[in-house]
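Take a look at the structure below.
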Amino acid sequence: MKIRLILSMLIAIIIAGCGTTSSITHSWTKENPESIRYKKILVLGLLNDNDQQLREKMETHIVEDLRALGYEAVCSCNEYNPNAFKNMTEEEAIKKLKTSGVDAVLSIVLLDKIREKYYKPARIQYSPYYYYQSRFWNYSRLMFERIYEEDYYTTTTKYIWESNLYNLATNDLIYSAQSQSFDPNSKEKLGHEYGQMIIKDMLKRKVLTEKTKGELKAM
């Protein structure tokens, strides 16, 4: 009982102190991705209708990070409306993208959004539990008072994400990453942190490289 209570307190303190925290739980890269040089990357967010504002923030920040590396990148929210590919076959959709110059697609998918409750005391203090637990009434009164404290419980939101990078020339999956974000303070901050995290991992895995001045002129 005491161990579980202490662990819950620690989790709550960490979450409260960190604000938005994002981390990659798993990522995969196809062999020799550095040999591919993309000309135009479409960032495509796949979220439900209730999260369209979040979708725009996620797309916008990744596009900005890609452009900072020298890539031409566009948001699907600017280039295509939600029904742009409705009733199209795979071949028709890819042809439409290639016609506009897109040769790679980076998708952002919200796999799940989970709300969780944690114990978070209004004041951090550790009572002499030996005394209180040894006497039923004392213990029950102490717990009753704490449960009804204003900040006894806090609800956090956990986002589960997946991002895939596809090479449209070969229709191959080049990179895939699953990640999680906790309790974002704002959609703006979540989009900013997520974009930086994914781009940093792709650079580390040599899926992307910062374009040189010579490459930029050639484009």
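The values are calculated or read from the model by the stated rules, or taken from the named source; none is laboratory data. Being a predicted model, the structure only gives us computed values, none of them experimental. Cβ: placed from backbone, ideal geometry, glycine included. Neighbour counts: every protein chain shown.
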> What is the number of the single condition among (1) small (Gly, Ala, Ser); (2) touching a helix residue (DSSP H, G or I) at 6+ places or on another chain (Cβ under 6 Å); (3) modelled with pLDDT under 90 that Ala84 does not meet?
Replying inline: (2)
>> Where the second residue is modelled with pLDDT of 80 or more and not polar (S, T, N, Q) and the first is loosely packed, with under 12 Cβ neighbours inside 10 Å and lies in the range 82-103, which pairs have Cβ atoms under 7 Å and are six or more apart or on separate chains?
In response: Gly101/Lys39; Gly101/Lys40
> Among the candidates Lys204, Lys189, which residue alone is surrounded by fewer than 19 Cβ atoms within 10 Å (Cβ to Cβ), modelled with pLDDT of 85 or more and either hydroxyl-bearing (Ser, Thr, Tyr) or touching a Gly at 6+ places or on another chain (Cβ under 8 Å) (or both)?
Replying inline: Lys189
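Yes/no per residue for (1) under 15 Å from Trp161 (Cα atoms); (2) modelled with pLDDT of 80 or more:
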residue	(1), (2)
Met9	no, no
Thr21	yes, no
Tyr71	no, yes
Tyr80	no, no
Val102	no, yes
Asp112	yes, yes
> Restricting attention to the range 38-79, which residues are in contact (Cβ under 8 Å) with a residue 40 or more places away in the chain, over 18 Å from Met202 (Cβ atoms) and assigned to a helix (DSSP H, G or I)?
Replying inline: Asp51, Gln53, Leu54, Arg55, Lys57
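Consider Lys211 carefully, then state whether it is modelled with pLDDT under 85, part of a helix (DSSP H, G or I) and surrounded by fewer than 19 Cβ atoms within 10 Å (Cβ to Cβ). I'd like the intermediate steps shown before the answer.
Numbers: modelled with pLDDT under 85: yes; part of a helix (DSSP H, G or I): no; surrounded by fewer than 19 Cβ atoms within 10 Å (Cβ to Cβ): yes.
In short, no.
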